[in-house]
1. Restricting to segment A:41-56, name every residue that is more than 7 Å from ligand 1 (Cβ to nearest atom) and touching an Asp or Glu at 6+ places or on another chain (Cβ under 6 Å).
2. Name the residues in segment A:57-78 that are closer than 22 Å to A:Thr155 by Cα and within 13 Å of ligand 1 (Cβ to nearest atom), would you?
3. Given the condition out of contact with any Lys or Arg (no Cβ under 9 Å at 6 or more places or on another chain), more than 23 Å from A:Leu105 (Cβ to Cβ) and surrounded by fewer than 19 Cβ atoms within 10 Å (Cβ to Cβ), answer yes or no: does some residue in segment A:137-148 qualify?
4. Suppose the filter is surrounded by fewer than 21 Cβ atoms within 10 Å (Cβ to Cβ), of a type in the set (Gly, Ala, Ser), more than 16 Å from ligand 2 (Cβ to nearest atom) and at positive phi; does A:Gly78 pass it?
5. Within segment A:219-226, can one find any residue that is outside any strand (DSSP E or B), within 16 Å of ligand 2 (Cβ to nearest atom) and at pLDDT below 95?
6. With respect to A:Glu130, is the statement that it is in a helix (DSSP H, G or I) and away from chain B (no Cβ under 14 Å) true?
7. Determine which member of the set B:Val109, B:Val103 is surrounded by fewer than 19 Cβ atoms within 10 Å (Cβ to Cβ), free of Cβ contacts under 8 Å to residues at least 40 places away in the same chain and assigned to a helix (DSSP H, G or I).
8. Quick one: B:Lys66 ticks every box in (1) farther than 24 Å from B:Gln214 by Cβ; (2) free of Cβ contacts under 8 Å to residues at least 60 places away in the same chain except a single one, so which number is it?
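The values are calculated or read from the model by the stated rules, or taken from the named source; none is laboratory data. Note that this is a predicted model, so its numbers are computed, not measured. Note: ideal-geometry Cβ built from the backbone for every residue, glycine included; neighbour counts use all protein chains shown.
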Amino acid sequence: MNSCAEQVVRTEAPLVRVRQVSKTFRGGVRALDPVDLDIERGEFLTLIGPSGCGKSTLLRLIAGLVTPSGGRVDVAAGASRRAFVFQTPTLMPWASVADNVRLPLDLEGTTAPEARERVAAALARVGLQEFSRAYPRELSGGMQMRVSIARALITDPALLLMDEPFAALDEITRARLDRDLLGLWTGTPLTVVFVTHSISEAVLLSNRVVVMSARPGRLLDAIRVDEPYPRERGFALSERHARLCAQLGGLLEAASGAGPDE
Amino acid sequence: MNERAYPRWLRLAAPGLVGLATLLAWHLIVTLGQVPVYLVPAPLVVLGALASDWALLGASLLVTLKITLLALGLALVLGVLVAFLFVQSRLIELSLFPYVVLVQVTPIVAIAPLIIIWVKDPTAALVICATIVALFPIVSNTIVGLRSVDPGLVDLFRLHHASRWQVLLRLRIPSCLPYFFAGLRVSSGLALIGAVVAEFVAGTGGTGSGLAYQILMSGLQLNIPRLFAALLLIAATGVVLFLGASLLARLALGRWHESEMRNEYEPR
Ligand SMILES: Nc1ncnc2c1ncn2[C@@H]1O[C@H](COP(=O)(O)OP(=O)(O)O)[C@@H](O)[C@H]1O
Ligand SMILES: [Mg+2]
């Protein structure tokens, strides 16, 4: 299935192995047919597919938030720390930005001085150090999403799962967050699994894009984006980018045709 | 909905002016129209009665206030306990909720005589009546509040292996607070209504000293100024209770919840 992945010779075992994982929800909705997927260490993998095809379900299966109806999700020893960024910022409205970001540390019982230090560092990484005392309602949508990302990164996760994180933002904010996310990821051992329905965002960000079919979801095809990081600003406007988008668009159209809706 | 922000002084002055104008009109109509004092006393006459009968009325106010606050406190504790019990399982809620509604929809005037017969201590009887009236908004609001947790946050807590206790303290209770305070605000008024109604039903068989009793006796004696003065005290108590509940809500939620948001906190 992932012909691209097989061409790459890797010495290390994948970070996550998804083996014949399927999901049928109570009530009989077949969200996911058996799926195989290897997530390599340090890659930026994007899942793309028509809406309702099971992208969120697959991501939640990898996160351990949903139990599979069949198959297994094997996570390498080093990847027990997983973080999730949802489509909405999902912040606690009663807590300040700093308190929101330190929540994972509080739940783990990290000591106060260490937590404070790490919160400051995490906020600095997303450029919000001045807003630590603000409340979520006082921030714009893009800034709230930055807080959400800071909260995800604060536990130093091996695997970051992002479910259409920028879909609700305006074009300009989304472009800026895309760039900043790449900046945060480039040169770190972090592995990212990113869900989007934007073809150009997928090509812009990822090493590898996996296309899913309409419900019940299956993995159809994968394309590799062999553009080195850090990616030039011009990449988004380049011919290579356009060609990859067209290729991906073709795959996606076939994927949408494969199912009942759209 | 972008409401225009009127300055603070105007927001206080506007209702104040309406009040003053009403009092003035009342005064003029009563004095110029020579309305007999046993029908409608002039505002100053009511104030006079309030001052001259203060020993009596003040003591009655304390009695009514005591019953109201005891009932409100009891409704608060019981209401929160019942709500926590109900959200433990759908089955518990399904089996018991209809009876909570049943108690709620039965008029207190109809239940009060029984309670007054059953419960020997008159103060306790009145407190029970007022509690029944005040209970429901706290129960139903707290249930809704405990259930209305952002499912994304629940996932987040699960992802970080939060214990049940952490979920309760850090997620369910804070999410519930705005709903709880909305219930408390309604219940504070209802507790007063319950206390007054129950005392009316109890009549001379009750404690015989609350504000409702004074209204009852003043009516019988055609002492209308005193009746008005007692009425005024009840209304004032209601307003103070409402403001107290609102103040509590503001202190607890102040900066984050939209119902308590002020203009300073517009998104940047
Ligand atoms: N908890 C659930 N219970 C029942 N059906 C669900 C649940 N979550 C998702 N589904 C169904 O599974 C299918 C895939 O959903 P989802 O993974 O959210 O798709 P996507 O993220 O690709 O839009 C949809 O048809 C959706 O209605
Ligand atoms: Mg989704």
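1. The first filter runs over segment A:41-56 and keeps only residues more than 7 Å from ligand 1 (Cβ to nearest atom), leaving A:41-48, A:50.
Of everything in segment A:41-56, those that are more than 7 Å from ligand 1 (Cβ to nearest atom) and touching an Asp or Glu at 6+ places or on another chain (Cβ under 6 Å) turn out to be A:Arg41, A:Pro50.
2. Narrowing segment A:57-78 to residues closer than 22 Å to A:Thr155 by Cα: A:59-66, A:73-78.
Selection gives A:Leu59, A:Arg60, A:Leu61, A:Ile62, A:Ala63, A:Leu65, A:Val66.
3. Within segment A:137-148, one or more residues are out of contact with any Lys or Arg (no Cβ under 9 Å at 6 or more places or on another chain), more than 23 Å from A:Leu105 (Cβ to Cβ) and surrounded by fewer than 19 Cβ atoms within 10 Å (Cβ to Cβ).
4. Numbers: surrounded by fewer than 21 Cβ atoms within 10 Å (Cβ to Cβ): yes; of a type in the set (Gly, Ala, Ser): yes; more than 16 Å from ligand 2 (Cβ to nearest atom): yes; at positive phi: no.
It is false that A:Gly78 is surrounded by fewer than 21 Cβ atoms within 10 Å (Cβ to Cβ), of a type in the set (Gly, Ala, Ser), more than 16 Å from ligand 2 (Cβ to nearest atom) and at positive phi.
5. Within segment A:219-226, the first condition is being outside any strand (DSSP E or B), and the residues that meet it are A:225-226.
Within this subset, residues satisfying the condition of being within 16 Å of ligand 2 (Cβ to nearest atom) are none.
Within segment A:219-226, none of the residues are outside any strand (DSSP E or B), within 16 Å of ligand 2 (Cβ to nearest atom) and at pLDDT below 95.
6. Working: in a helix (DSSP H, G or I): yes; away from chain B (no Cβ under 14 Å): no.
Taking the combined requirement at face value, the residue does not satisfy it.
7. On the way: B:Val109 fails: free of Cβ contacts under 8 Å to residues at least 40 places away in the same chain.
None of the others qualify; the one that does is B:Val103.
8. Against the list (1) farther than 24 Å from B:Gln214 by Cβ; (2) free of Cβ contacts under 8 Å to residues at least 60 places away in the same chain, B:Lys66 comes up short only on (1).
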